[in-house]
1. For the stretch 26-49, name all the residues that are outside any helix (DSSP H, G or I) and of a type in the set (Gly, Ala, Ser).
2. May I ask you to verify whether residue 88 is on the phi > 0 side of the Ramachandran plot and modelled with pLDDT under 90?
3. Kindly list, by first and then second residue, each pair from a residue in the stretch 118-129 that is acidic (Asp, Glu) to a residue that is assigned to a helix (DSSP H, G or I), limited to pairs with Cβ atoms under 9 Å and residues at least 6 apart or on different chains.
4. Find the residue count for the stretch 16-53, including only residues that are surrounded by fewer than 17 Cβ atoms within 10 Å (Cβ to Cβ) and touching a residue at least 40 places away in the same chain (Cβ under 8 Å).
5. Find all pairs meeting these conditions: Cβ atoms under 9 angstrom apart; at least six residues apart or on different chains; first residue within the stretch 3-14 and of a type in the set (D, E, K, R) and surrounded by 12 or more Cβ atoms within 10 Å (Cβ to Cβ); second residue modelled with pLDDT of 80 or more and not in a helix (DSSP H, G or I).
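The values are calculated or read from the model by the stated rules, or taken from the named source; none is laboratory data. The shown structure was predicted, so the numbers you read here are calculated from the model rather than taken from an experiment. When we count neighbours, we look across all protein chains shown, and the Cβ atoms used for this are built from the backbone with ideal geometry, even at glycine.
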Amino acid sequence: MKLDDEALAVLRDAIATVRPGSRMVPAATLRAATEALGSEVTVDLVATGSLGHPLVVLHPAAPREGADPCFATLSTREREVAALVAKGLRNKDIAQALFITVATVKDHVHRVLDKSGLDSRAAVAAAWSAHDVTSEAPRRADPPSR
């Protein structure tokens, strides 16, 4: 799994919240990292003694039952982007809807195309609607508080 700058920043922030001597990352921080990365995250702080830094393990989400195989390997965020691409939204609109940068949207769109084996946004839209995964489009939420 290749991480973009935003995902790496989330992981760094998660680890930075750990108090010296603590062996736990706050649960809210792990939930935020899981949501941002589209994967479950395990942070082993005990490994710091041996490795000099925490051991971070990402557990990619399992494909949903009945999911189209071409979308089965997408992360949660990539599925959100694919759903909005399928609705015909432009990168700028997707960025606004998901509170991410246009550059990050472009990265996600490229990964959706690479992982799905599809060659265009139109092909993503056709495959998405043909396999009835349109209900997975994200709902607009309030921006995350910082």
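1. Of all residues in the stretch 26-49, those outside any helix (DSSP H, G or I) come to 26, 38-47.
Matches in the stretch 26-49: 38, 39, 47.
2. On the way: on the phi > 0 side of the Ramachandran plot: yes; modelled with pLDDT under 90: no.
Judged against the criteria, residue 88 is not a match.
3. These pairs meet every condition: 119/113.
4. Matching residues across the stretch 16-53 total 1.
5. Correct list of pairs: 6/100; 6/101.
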